[in-house]
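The values are calculated or read from the model by the stated rules, or taken from the named source; none is laboratory data. It should be emphasised that the depicted structure is a prediction, and the values quoted were computed from it without experimental measurement. Cβ atoms come from the backbone with ideal geometry, glycine included; neighbour counts cover every protein chain shown. Just so you know, the surface numbers come from the protein's heavy atoms only, side chains and all, with ligands and any DNA or RNA stripped out. Shrake-Rupley method; radii C 1.70, N 1.55, O 1.52, S 1.80 Å.
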Amino acid sequence: MRGFGSIILAAGIFLSGGTVMLLADWPGYRGGGQRRAFAPTSFPERFIRQWQFQPSQPPAPAWPEPARKSYWQQLTTIAPRVVDDQAFHPVLARGQVYFGSSGDDHLYCLSASNGVPKWRFAAEGPIRFAPFLVGDRAFFGSDDGYFYCLDAGSGALMWRRRLGSEERWMIGNG
């Protein structure tokens with residue numbers, strides 16, 4: 001996954017004189033519950049990659065590329081429409097970086113200062129979207145149909161709940 005370090009930089013980390021500086025927590029996708037993608041500070045003119053984390057598997061999007069042609073709509077090109085899970089979406093809180101993987105079904109926690117993994121948690125299906133951090137808890141959903149709550153410091157499972165009334169599976173990506 002190329003550029004993962006630069007994605008993390010945009011999530012609230014910058015470098016000043018070779019030192020990693022944390023601007024602010026970025027506890028959810030696009031910054032927080034409002035999804036403003038806004039940090040209340042100015043960024044330096046130049047970014048320098050301090051570290052890069054290479055996951056064992058690249059993202060595994062749920063849906064394949066669109067059909068080559070639509071005979072019914074008379075379209076010769078069709079743009080992909082479901083593309084939210086083609087990259088990992090990192091969030092940041094208390095000096096830790098968290099992201100879910102659709103490639104190996106894990107939620108990761110890394111040190112923001114050096115990229116060293118602190119823990120990882122295995123769900124029973126792909127994790128396609130960013131977790132949300134509230135206090136000392138990390139919340140996320142998985143394709144296994146469960147919503148999870150982990151201790152953000154240790155990665156220990158606090159609880160998991162099936163949100164639907166029944167177990168239903170949908171065909172997608174094979």
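Put 139, 99, 53, 47 in order of accessible area, highest first, and with a 1.4 Å probe you get 47, 139, 53, 99.
Per-residue surface analysis assigns residue 108 an accessible area of about 10 Å², computed on protein heavy atoms at 1.4 Å probe radius. Accessible area per residue (1.4 Å probe, heavy atoms of protein chains only) ranks 63, 159 as 63, 159, with the largest value leading.
Of 91, 116, the residue with the largest accessible area leads and the full order is 116, 91 (1.4 Å probe).
Taking Cα centre as origin and charging only the Cβ of basic (Lys, Arg, +1) and acidic (Asp, Glu, -1) residues, the dipole magnitude of region 100-174 rounds to 180 debye. Solvent exposure of residue 83, expressed as accessible area, is near 60 Å², computed with a probe of 1.4 Å over the protein chains only.
Ordering 129, 109, 119 by the projection of their Cα atoms onto the charge dipole of region 58-142, which places +1 on the Cβ of Lys and Arg and -1 on the Cβ of Asp and Glu, puts 129 at the extreme positive end. What's the FRET efficiency of residue 165 with residue 83 using the Cβ-Cβ distance as r and R₀ = 22 Å, to the nearest 0.05? It comes out at approximately 0.15. Summarising the amide proton neighbourhood of residue 158: residues at separation of 5 or more, or on other chains, whose placed amide H is nearer than 5 Å comprise 149, 150, 151.
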